[in-house]
Amino acid sequence: MRIVSICPSNTEILYYLGLKEEVVGLDDHSDWPGEWQHLPRVGPDLTIDMEKVEALKPDLVVASLSVPGMEKNVEALIARRIPHIVLNPQRFPDIPRDIRLVGEATGRHLEAERLANHFVERSETIRQTALAAETTPKLYWEWWPNPIYTPGRDNWLTDVSEIAGAMNVFADFSVPNVKATREMVLERNPDHICVVWCGIELRRIKPAMITDRLEWQEMAAIRKKQVHLLEEGLYCRPSPRILDGLERLVSLIHPELAEKLPASRN
C-alpha cells in the first residue's frame, strides 16, 4: 500500500503498527518518529494541499477530526474521491479503537489487536498504581495562552487526569475544549498547571510566561511552584505515545509513586 497521513497522531499509530515501508507522505506537523522526517510533506494538518496528496498516488489517506477545522480536509478527500479513512478521537478509549480501525484498513489486524490490548493493559496498570496516591490534585491544562483554551469534560486529557489520580478543573464543562479566562482558572485554584501549547516548541516556552501572570500570584500551583512545561507530543496527540506522557504526569504529581510505575514501553 501507499499511505499518506495528514495528522500527527495518525502518523504515530501507523509507526507503531510497523508500516514503515508503506507510508509515503505526511502532514507538516508530524515531527515523530525521527526516521520518517525525510518523507514528502503535504502541508499543515488544518490546510492540507490535496494536489500534493494526489501526486503521491495514495491507496489510503488516514485523516482525522481530532482538531476543529479538519473537516475541510475530509470534504476535499470526498470531493476528489481519494481513498481514505477518518479517525475522530475525543476520549481516551477512542485511541485503542482507532488503532484497530487503522489496522483493519491496512491489513495489520493481528498487530493492531496486540497493540490495542497492550495500550489498554498498560493504561490500567498506571491507573492501579495511581490509586495509591496520597492526594487527588486539581490540574489545569493550557492548550493555548491568549485567549486561553483548555480541555473540557469531553476530551482525552480529562481521562488522562483521572487515570493519573487527579482531576481536570474544567471537567464541569461538557465540551471537548473550553475558551476560558485567567479569572476562571483562578476561581478553580489548581494545584498543578500543565502547559501543552499546541504547535509551540518546548524550548520557546519559559516558566515566567505562566508564573508572572499578575492575576495568579495567590494561586496554589504558583505558590507551590508546580508549573509543568510538558512536551505537547505526549499529551495533545491521541496515539500510543500518550501513555509515556501519562507515566510522566504521575511521576510529577505523585512523586512518591514514581518508582512503582511500569517500565514497559510499546
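The values are calculated or read from the model by the stated rules, or taken from the named source; none is laboratory data. Nothing here was measured: the structure is a model prediction, and the numbers come from that model. Cβ sites come from the backbone with ideal geometry, for glycine too, and all protein chains shown count toward neighbours. Areas reflect the complete protein model, heavy atoms only, side chains present, ligands, DNA and RNA absent. Shrake-Rupley method; radii C 1.70, N 1.55, O 1.52, S 1.80 Å.
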Problem set entry | the range 249-262, residues that are among the hydroxyl-bearing types (S, T, Y) and in contact (Cβ under 8 Å) with a residue 12 or more places away in the chain | none
For this session: Counting only residues that are over 30 Å from T11 (Cβ atoms), touching a strand residue (DSSP E or B) at 6+ places or on another chain (Cβ under 9 Å) and open to solvent by less than 50 Å² (accessible area, probe 1.4 Å), give me the helices (runs of 4 or more DSSP H) lying completely in the range 158-237 with at least 2 of them.
Result: 182-188, 220-223
For this session: Answer yes if at least one residue in the range 95-105 is within 30 Å of E162 (Cα to Cα) and at pLDDT below 95, and no otherwise.
Result: no
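Can you name the residue in the range 125-153 that is open to solvent by 40 Å² or more (accessible area, probe 1.4 Å) and part of a helix (DSSP H, G or I) and is also nearest to R182 (Cα to Cα) among such residues? Write out each step before concluding.
Just the residues of the range 125-153 that are open to solvent by 40 Å² or more (accessible area, probe 1.4 Å), to begin with: 125, 127-128, 131-132, 134-136, 138, 144, 146-147, 149, 153.
Remaining after also requiring part of a helix (DSSP H, G or I): 125, 127-128.
On the way: T125: 35, R127: 31, Q128: 34 Å.
Within the range 125-153, the match that is nearest to R182 (Cα to Cα) is R127.
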Exercise. If you scan the range 31-53, which residues turn out to be within 17 Å of S9 (Cβ to Cβ) and among the basic types (K, R)?
Worked result: R41
Problem set entry | Conditions (1) farther than 18 Å from W141 by Cβ; (2) among the aliphatic types (A, V, I, L, M); (3) surrounded by 22 or more Cβ atoms within 10 Å (Cβ to Cβ): number failed by L249 | (1)
Exercise. For E256, are the conditions met, namely being closer than 30 Å to D45 by Cβ and surrounded by fewer than 21 Cβ atoms within 10 Å (Cβ to Cβ)?
Worked result: no
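Select, from R122, R91, R114, the only residue that is basic (K, R), without any contact (Cβ under 8 Å) to a residue 40 or more places away in the chain and surrounded by fewer than 21 Cβ atoms within 10 Å (Cβ to Cβ). Full working, then the answer.
Working: R122 fails: without any contact (Cβ under 8 Å) to a residue 40 or more places away in the chain; R91 fails: without any contact (Cβ under 8 Å) to a residue 40 or more places away in the chain.
One residue alone meets the criteria, R114.
For the range 227-248, enumerate the residues that are of a type outside the set (D, E) and touching a residue at least 60 places away in the same chain (Cβ under 8 Å). So that I can check it myself, show each step before the final result.
Of the residues in the range 227-248, the ones of a type outside the set (D, E) are 227-230, 233-243, 245-246, 248.
Within the range 227-248, G233, Y235, C236, R237, P238, S239, P240, R241, I242, L243, G245, L246 qualify.
Let's see how each residue does on (1) touching a helix residue (DSSP H, G or I) at 6+ places or on another chain (Cβ under 8 Å); (2) at pLDDT below 95; (3) exposed (fewer than 15 other Cβ atoms within 10 Å of the Cβ):
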{"site": "V23", "(1), (2), (3)": "yes, no, no"}
{"site": "D27", "(1), (2), (3)": "yes, no, no"}
{"site": "S30", "(1), (2), (3)": "yes, no, no"}
{"site": "E35", "(1), (2), (3)": "no, no, yes"}
{"site": "P40", "(1), (2), (3)": "yes, no, yes"}
{"site": "D49", "(1), (2), (3)": "no, no, no"}
{"site": "K52", "(1), (2), (3)": "no, no, yes"}
